[in-house]
Structure formats: structure tokens, C-alpha cells
1. When segment 196-212 is examined, which residues are found to be of a type outside the set (Gly, Ala, Ser), farther than 15 Å from residue 73 by Cβ and crowded, with 18+ Cβ neighbours inside 10 Å?
2. May I ask you to verify whether residue 27 is closer than 21 Å to residue 187 by Cβ, out of contact with any strand residue (DSSP E or B) (no Cβ under 8 Å at 6 or more places or on another chain) and loosely packed, with under 14 Cβ neighbours inside 10 Å?
3. Name the pairs: first residue in segment 181-192 and farther than 14 Å from residue 18 by Cα, second residue small (Gly, Ala, Ser) and surrounded by fewer than 23 Cβ atoms within 10 Å (Cβ to Cβ), Cβ to Cβ under 7 Å, at least 6 apart or on different chains?
4. In the list 64, 9, 94, 85, which residue meets the criterion of being surrounded by fewer than 14 Cβ atoms within 10 Å (Cβ to Cβ) and part of a helix (DSSP H, G or I)?
5. Which residue pairs have Cβ atoms closer than 6 Å, lie 6 or more positions apart in sequence or on different chains, and pair a first residue in segment 218-247 that is at negative phi and in contact (Cβ under 8 Å) with a residue 60 or more places away in the chain with a second residue that is of a type outside the set (Lys, Arg) and surrounded by 10 or more Cβ atoms within 10 Å (Cβ to Cβ)?
Amino acid sequence: MDFLHILDRFLVISHVLAGMTALVVAPLAMLAAKGGPWHRRWGKVYFWGMAWIALSTFALMFFRFSLFLVVIAVLSFYNALSGYRVLYRKNPTRPGQTPNWIDWTAAIVSTGAGVGLALYGIGGLTGLSGQLGYIASGTSTALFVLSVAFGLGLLNTAIADIRSFKRASDDKNWWWFYHMTRMLGGYTATVTAFTVQNIGRHLPGEIAWLAWVGPALVATPLISIWVGYYRRLFAARKNAVLARAAHA
């Protein structure tokens, strides 16, 4: 057994273990008291699990390259990274809490990845990439459509971040909502990967694409409802403080 084979097996097994860890600990962080010690501990385990998922995916590309999987790894990890990083820049107007090279680099790389994935899908839908030999014959149309959708979604997210780096939000709780949506978005991507690998491959070809979009269709409205709950909670607290000040 040569070194490359051992390395390949190590990357595959550690990738799976990191994915399983992220799947398990993320709900624990959600259930723990927000800002409490266990929320932070589980959150860090989840983040580093997501980091290894991305790194091992990139490494595995030397053994079996897939542009689509590379960009999906960027998509999922960028959500986790930006959701984690925002905890260090809650107040961007203060020294030391402004976006640094990590934030800028991640946003720029994600912008490029989003463009690349969207062009991959467009090339496949138009037949141009197949003619140039960039895409294997038999690749499903659904994969190309998903590539365009995911690519544009990642591109929109990264560009929105770059714009926010230049102009801080007036809402002092902005980081809370940002943290929630990004971490939950990254978790949704992890669930999607699990669903595709363990369910999608067993579905008939004409509906296999449901494994790719199903988790997002379920998670998106739930995330919106949860964020809305905290927006109302913070607004109620603010109004209560103002009411007490007015009667003081």
C-alpha cells in the first residue's frame, strides 16, 4: 500500500468523521443558551469540523477533481467562517473589530468561486463546456441548473459582505442575526451534503435533484422564523427600556 493510497483513505475517512461531527454538534450549539459556555464550545467544534471538511475536500481534488464539489465546499465553509469571524467584529467602528485580511480574502475567494460555479453551470446548459471538453458527457441538466443557482447565491453573499465591510450597520444587534444566518446556512449545506451522499444516490434520476434542494427548502423558512423571533425580542426589549426612560 503506497503513501498516496494511505493519504487518500485518511482524507476520505477524516472528511466523513468531520462531517458527522458537524452534523451532531451543531444542534447542540443551537439548543445551548446563546452566548453561554456550551454554546461557544459546541460552536467551536462545529466550526473546526467545517474547516476540515473544506480542507480535506480541496486535498481530495488531487485524487478525483470536481469543480462542483470544490465550490460547494467553499460555499459551506464560507458561511461557517464568516459566521464565526463576525464574533470578532461586532462593532466595526472600534479599533481591532474592523474586517481584516481573513475576512477580505474569504470574501474575494468566495466571489471567484461563485463566478466559477455559475459559469460552469451556464457552460453546461449552453453546451459550450462540453464542446471544449471541460465537462464529461452524461452530466445531468439538473446539476448545471444547481451550479448556476448555488454559484449566484455564493456570489451574492460574498458581494454583500464586501459592501458591508465598507459600511457598518446601524443596528447594534446586526452581528447576532448575521451569526445565526451564516452558521445555520453552513449547517444546511452540511445536511445537504449528507442527504446527497446517503439519499440522493438511491433516488430515481429524475428526482435525485431533490436531495440537493430539499434541506434548503426546509431550512430557509425556519431560519427566517427564528431570526424574526429574535428581532421581535430585541425590539420589545428596546421599547421597554425607552418606556421606562420616558416615565423616569
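None of the figures in this text is laboratory data; all of them are computed from the coordinates on show. Since this is a predicted model, take the numbers as computed values, not measurements. Positions of Cβ are generated from backbone atoms using ideal geometry, with glycine treated the same way; all protein chains shown enter the neighbour counts.
1. 209
2. Yes, satisfied.
3. 184/219; 188/216; 188/219; 192/216
4. Going through 64, 9, 94, 85 in turn, the sole match is 9.
5. Final answer for the pair search is 234/173.
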